[in-house]
Number of protein chains: 2
Amino acid sequence: MSKLEDVGEFGLINIIRQKIENSHLKNQLPMGFELLLGVGDDAAIWKPSKADYQVHTTDTLVEGIHFSRDTFAWQDVGWKLAAANLSDIAAMGADPVSALITLGLATDLDVSMVDELYDGILECFSEYPTQIIGGDIVKSDQVFITMSILGQSNTFPLRRNAAQVGDVVAVTGNLGSSAAGLAILRSQDKDIFQELVDVHLRPIPQITMGRLLLNSGIKCAIDISDGLLADLSKVGYESGVEIHIHAGCVPVSKRILETNWPDYMELVLSGGEDYQLAFTGEEELVRALLKNSAGAIIGEVKKGKPGHLKVLSEIGTEMHFDKTGWDHLSTQK
Amino acid sequence: MSKLEDVGEFGLINIIRQKIENSHLKNQLPMGFELLLGVGDDAAIWKPSKADYQVHTTDTLVEGIHFSRDTFAWQDVGWKLAAANLSDIAAMGADPVSALITLGLATDLDVSMVDELYDGILECFSEYPTQIIGGDIVKSDQVFITMSILGQSNTFPLRRNAAQVGDVVAVTGNLGSSAAGLAILRSQDKDIFQELVDVHLRPIPQITMGRLLLNSGIKCAIDISDGLLADLSKVGYESGVEIHIHAGCVPVSKRILETNWPDYMELVLSGGEDYQLAFTGEEELVRALLKNSAGAIIGEVKKGKPGHLKVLSEIGTEMHFDKTGWDHLSTQK
């Protein structure tokens, strides 16, 4: 197949534009979104939403840091980038609307790579209606893909600075699966543990759950993709509270428990990339929201040093960890 | 000074947040923009604009491709990134509102680098009021910085698909200065030609001119940062017209003309990165708009093969070029 340098930027933009237009025909557009001019001009144009609030977020995947071509198909990279961005929208309780995508590409890549990448993005955006309205293409030896998503909401969105002393702390689903999936991808036995691998390659953004939380009166939530401890520490810091976590209450995939995974608690507490949400609220409300879900109450919000976490083991002793999550600039990980 | 890996992502976000908050106190905020939650959550939150149209664009600078540390201070990188994004907003005739910034950073960089980069961005955003509302920080061996800017307008924005047969084609200022400035930076004599170097390092986004064009009834404009010929070809292609250009009419800096610059016409027609606008419209209106400006009428919109350009020399003969501008994926340049 052709190399990117053969089709050039203009040719590639036309391929992408065609792909996006074809997907419109099949897919539902985001609610109330009136696009007037999409991919191909200096900027996209649309009519502003009638929603009361807009939200805006961005997330990036860099080859060699966030993914490797050995373990990811380009479709998976596309899905994961879309899901990572949608997860931030979900953490606000908002609805996604539109996306810009920047491709940093080496010129000797095959055009098929862009095709496959967009297949993955469009697959995710067809499940969680989001309209690609533009982007940018630049040359880069190290491949990176950046997405920014606009979202909207009629209620003041969920935020991380709204945890109240007395709230319980909950998560929306199993943690540690993505980190376990990555470890499996790097070793063997992929078939047996496909469901863990899938969480790493094709995480599910909690758009529906985020919307439910916001509509039910929850105020405080966060995307815990950097790891439970690191992200709950941010909630505590921004809300001016301390958080106590019962490690034994954190929901974990049966697959991990059944296999006597070594040090699995580290994956669960600090692995990250599960793209579940953590949230806080009154116990009764939280319990009702978690009914029939894989989520669970895992701790409480306490008075204390802002951002400080106390992690208690199943027998009530305090646990200590070196790594508290994925710091994107630390060299420890 | 500290390395990025020492302060970590969370520390760096706090440094950036503080810098942005300090700049708010000094600087004017964008018209009618009500930010409710800025840097530091999963997404920023604001009240949607009452403007009739929103626009959204993104642009990226990659080290080794778009800038080198030998020739750019980090402040210049910051300014140029902001100006490049604002130039896309200017090409729509819109007002900038808010920006997200993604930093792809090597961990062994000094924290001062981020400080200086933001100084340059904030300097540009204080001249052209734009609010930084969030972003992302990722590890990357090759440094890159991506920005996306939201803008707004009460009139349907300028676009590249609206050139009409019979229109004249104009540009808003001198072309070739940036490419000449880069050539100077790579050689010597910087002092003598500082004004050309400045166009390369600190281009001026044509926000004011873009707004004037839109308010005066112009429909068709484009940011010609990829080079005049490449970008006018896009106007022709999207509008379904042919464009004739009189090379001798393109405005050029006296500095270039005085020094008998070798092959200067190539810099002028294909150099790019001047961040001027090209636009089309009725001759009388265009002539009035260009009064007392460095801009000039340089050609006409004709019936013909969509995207085809005819470049005429000062004596009326047709000129031919190999390179028609900056293709971000081509290896020719």
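If one takes the longest principal axis of the Cα atoms in chain A, at what angle in degrees, from 0 to 90 and to the nearest 10, does the Cα axis of helix A:111-127 lie? The angle comes out near 50 degrees. For chain B, a crude dipole built from +1 on the beta carbon of Lys and Arg and -1 on the beta carbon of Asp and Glu, taken about the Cα centre, is about 900 debye to the nearest 20.
For A:Ser293, A:Ser225, what ranking results if the residue with the fewest other Cβ atoms within 10 Å of its Cβ goes first? Don't skip to the end; give the middle numbers.
Working: A:Ser293 13, A:Ser225 25.
Ranking A:Ser293, A:Ser225 by Cβ neighbours within 10 Å, fewest first, gives A:Ser293, A:Ser225.
Among the trypsin sites (Lys or Arg not before Pro) in the range B:15-105, those placed in a DSSP loop whose Cβ has at most 15 other Cβ atoms within 10 Å are B:Lys50, B:Arg69. Partners of A:Lys303 within straight-line reach, counting aspartates and glutamates whose Cα lies under 15 Å from its Cα and excluding those fewer than 8 residues away in the same chain: A:Asp167, A:Glu238, A:Glu242. So how tilted is helix A:228-239 from the main axis of chain A? Cα-based, degrees 0 to 90, rounded to 10. Between the helix axis and the principal axis of chain A, the angle is about 80 degrees. Counting only Cβ charges, +1 for Lys and Arg and -1 for Asp and Glu, the dipole size of the range A:4-153 around its Cα centre is about 520 debye. With each label point set 7 Å from Cα along the Cα-Cβ vector, what nm distance links B:Lys47 and A:Asp198? It is 4.5 nm. Whole-Hz Karplus values for the range A:63-75 come out as 5, x, 10, 9, 7, 10, 5, 5, 10, 10, 6, 4, 4 Hz, taken residue by residue from phi with 6.51 cos²θ - 1.76 cosθ + 1.60 and θ = phi - 60°; glycine and proline positions read x.
In the range B:168-319, taking the dipole from charged Cβ atoms about the Cα centre, the farthest positive-side position among B:Phe193, B:Leu289, B:Leu232 is held by B:Leu289.
The relative contact order of chain A comes to 21 percent, based on Cα pairs under 8 Å that sit 6 or more residues apart. Label-to-label distance for B:Val165 and B:Leu257 is 3.5 nm, based on points extended 7 Å past Cα in the beta-carbon direction. Relative to the longest principal axis of the Cα atoms of chain B, the long axis of helix B:177-186 lies at roughly 60 degrees. Label-point distances for B:Leu29 to the equivalent site in the other copies, using a point 7 angstrom along Cα→C-beta, read 3.1 nm when ranked shortest first.
For the set A:Lys3/A:Lys26; B:Lys219/B:Lys302; A:Lys234/A:Lys302, the pairs lying more than 22 angstrom apart at their alpha carbons are A:Lys3/A:Lys26.
Mean separation of Cα pairs under 8 Å and 6 or more residues apart, divided by the residue count, gives the range A:4-153 a relative contact order of 37 percent.
Exposure proxy ranking for A:Val241, B:Val62, based on other Cβ atoms within 10 angstrom of each Cβ and starting from the fewest, stands as B:Val62, A:Val241.
I need B:Leu150, B:Leu289 ordered by Cβ neighbour count within 10 Å, fewest first.
Values: B:Leu150 27, B:Leu289 19.
Taking fewest neighbouring Cβ atoms as first place, the list is B:Leu289, B:Leu150.
Net length available on complete extension from B:Leu36 to B:Ile65 is 6.8 nm, with 0.36 nm assigned per residue and the Cα-Cα distance removed.
Magnitude of the charge dipole for the protein assembly as shown, about its Cα centre and with charges confined to Cβ atoms of Lys, Arg (+1) and Asp, Glu (-1), is about 1400 debye.
Applying both filters, DSSP loop and at most 13 other Cβ atoms within 10 Å, to the trypsin sites (Lys or Arg not before Pro) of the range B:185-268 gives B:Lys190. Straight-line cross-link reach from A:Lys50 at under 19 Å between alpha-carbon atoms covers these lysines, not counting any fewer than eight positions away in the same chain: B:Lys47, B:Lys50. Positive end of the dipole of chain A (Cβ unit charges, origin at the Cα centre): among A:Gly120, A:Pro96, A:His308, the Cα lying farthest that way belongs to A:His308.
We did not get these values from a lab; they are worked out from the coordinates using the rules stated. Computed from a prediction, not measured in an experiment: that's the story for all the values here. Please note: Cβ atoms are built from the backbone with ideal geometry, for glycine as well, and neighbour counts cover all protein chains shown.
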